[in-house]
1. Is it the case that B:Ser164 is surrounded by fewer than 24 Cβ atoms within 10 Å (Cβ to Cβ), of a type in the set (Gly, Ala, Ser) and in contact with a strand residue (DSSP E or B) (Cβ under 7 Å, 6 or more places away or on another chain)?
2. Here are some conditions: (1) in contact (Cβ under 8 Å) with a residue 40 or more places away in the chain; (2) among the small types (Gly, Ala, Ser); (3) surrounded by fewer than 18 Cβ atoms within 10 Å (Cβ to Cβ). B:Ser182 meets all but one. Which one does it not meet?
3. Being within 14 Å of chain A (Cβ to nearest Cβ), β-branched (Val, Ile, Thr) and touching a His at 6+ places or on another chain (Cβ under 6 Å) narrows it down to one residue among B:Val185, B:Val173; which is it?
4. Counting only residues that are facing chain A (nearest Cβ under 7 Å) and surrounded by 24 or more Cβ atoms within 10 Å (Cβ to Cβ), how many does region B:84-99 have?
5. Mind checking which pairs have a first residue in region A:190-214 that is over 19 Å from A:Ala141 (Cβ atoms) and of a type outside the set (A, V, I, L, M, F, W, C) and a second that is assigned to a strand (DSSP E or B) and modelled with pLDDT of 95 or more, Cβ under 8 Å, 6 or more apart or different chains?
6. So A:Asn26 ticks every box in (1) more than 7 Å from chain B (Cβ to nearest Cβ); (2) farther than 30 Å from A:Glu88 by Cβ but one. Which box is left unticked?
7. If you take just the strands (runs of 3 or more DSSP E) that sit entirely in region A:65-182, which of them hold at least 2 residues that are within 17 Å of the chain's Cα centre (by Cα)?
8. When you check A:Ser49 against the structure, is it at pLDDT below 95 and facing chain B (nearest Cβ under 9 Å), yes or no?
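The values are calculated or read from the model by the stated rules, or taken from the named source; none is laboratory data. The shown structure was predicted, so the numbers you read here are calculated from the model rather than taken from an experiment. In this analysis, Cβ positions are derived from the backbone assuming ideal geometry, glycine residues included, and neighbour counts consider all displayed protein chains.
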Amino acid sequence: TMLGVITTDAMVSSDVWRKMVQVAVNRSFNQITVDGDTSTNDTVIALASGLSRSTKISSYNSNEAVQLQAGLDVVMQGLAKSIAWDGEGATCLIEVTVTGADSEPEAAKIARSVASSSLVKAAVYGRDPNWGRIAAAAGYAGISFDQTKLRVLLGDILLMDGGEPQLFDRGAASDYLKKAGEIHGTVAINVSVGDGPGRGQAWGCDLSYDYVKINAEYTT
Amino acid sequence: ISMTASEVSNHIPPAPIFLPQGPWKQIPGGVTAAEGFKAAGLYGGLRAKGDKPDLALVTCDVDATSAGAFTTNVVAAAPVLYCKTVLNTSKTARAVLINAGQANAATGDAGYQDVRESVSSLAKLLQMKPEEVLIESTGVIGQRIKKEALLKSLPKLVNSLSASTEGADAAAVAITTTDLVSKSVAIQSQVGGTDIRIGGMAKGSGMIHPNMA
């Protein structure tokens, strides 16, 4: 289960605040995954006191709303990433960034598909730079794209371009994953699916033996 | 049945928080960083094992504009159903009570009544209306809240409320279950040339694939 409480002293109308919170949730908590199981209790409550004496935000399209939305996004993303980082049994955080989609929601859906893949997660734990599993997870996300434009990077290492696997230093790519696991750091997977303006991110973690051990022993 | 704020922060360390660079700066305080908010966390005897804090409270000095996002799982817990109903009829709230140990999910009418009684008791202590109190639960599915333990702990929880960073940290620890770290963050930024603060806390480690609306 994930729970969250968000507070701010910005002054904002109810309608705008509720829209902002849903947008931020979609860009953060709804873009994380540890095990693919949706809880019965997931909740985020967000309260705005208005005590900062800032100008009241009554329009979602105002500059002030854009500023508050950016702050809300970054706070929720910070918390969301820390949940994925702390995934049961995890040795590293996986950050998937998708660009080139037709829209932000489409990019986000592809990113979460990759972050959710048990095979991608297991490959990261096995320190295996498995571009095939990443490409497959992007492809079954339910978003249409031209596969000849598919590009996959692991960190700065190009694994796939123009829909074709590239020659790369497998040892260096494996070391990149290994080092992230040793320091409980971050593995960056960057996927490009075309030339569109859509960009989205999702966060997950690797899948270790410990995940099975923890959940085999924790009963409902 | 309760512990001080300084003791609770010793149970698990804080999570590393990864914030991108931007027109904001990270500040201490978590949920209490913004003006008007207080928080507390303590052990109320709800957990099956150990003495890690398991009750958290966040309050606001004024009517706060409220929003929520909730699981779209059809098997939704009683606190989820309760909060959705309240937010449908009220645009403001003053308090959020959170327990760890029992999810109060799949507990039927009895579980829903537990929520109402918990909310009602807290509202009386805080001298506010029940509909100004929201509630979140996490823990084992199928188990009702240990209501007697919760109700007994409420006076001390209310008396422990603090606008300090320690209060925020205690609350962030109290909402954890299998988490190895507590999650809390706050930033200061500008809206229309005025400094504003946004803070938050979260918990989660397993059964994580949110789809909230």
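1. Working: surrounded by fewer than 24 Cβ atoms within 10 Å (Cβ to Cβ): yes; of a type in the set (Gly, Ala, Ser): yes; in contact with a strand residue (DSSP E or B) (Cβ under 7 Å, 6 or more places away or on another chain): no.
Answer is no for this residue.
2. (3)
3. On the way: B:Val185 fails: touching a His at 6+ places or on another chain (Cβ under 6 Å).
Only one candidate qualifies: B:Val173.
4. So the first thing to find is which residues in region B:84-99 are facing chain A (nearest Cβ under 7 Å), and the list is B:91, B:93, B:96, B:98.
Applying the additional criterion that residues be surrounded by 24 or more Cβ atoms within 10 Å (Cβ to Cβ) yields B:93, B:96, B:98.
Count: 3.
5. Correct list of pairs: A:Asp206/A:Ile94; A:Asp206/A:Val187.
6. So the condition that A:Asn26 fails would be (2).
7. Details: elements: A:93-100, A:151-154, A:157-161.
Result: A:93-100, A:151-154.
8. Values: at pLDDT below 95: no; facing chain B (nearest Cβ under 9 Å): yes.
So A:Ser49 does not fit the description; no.
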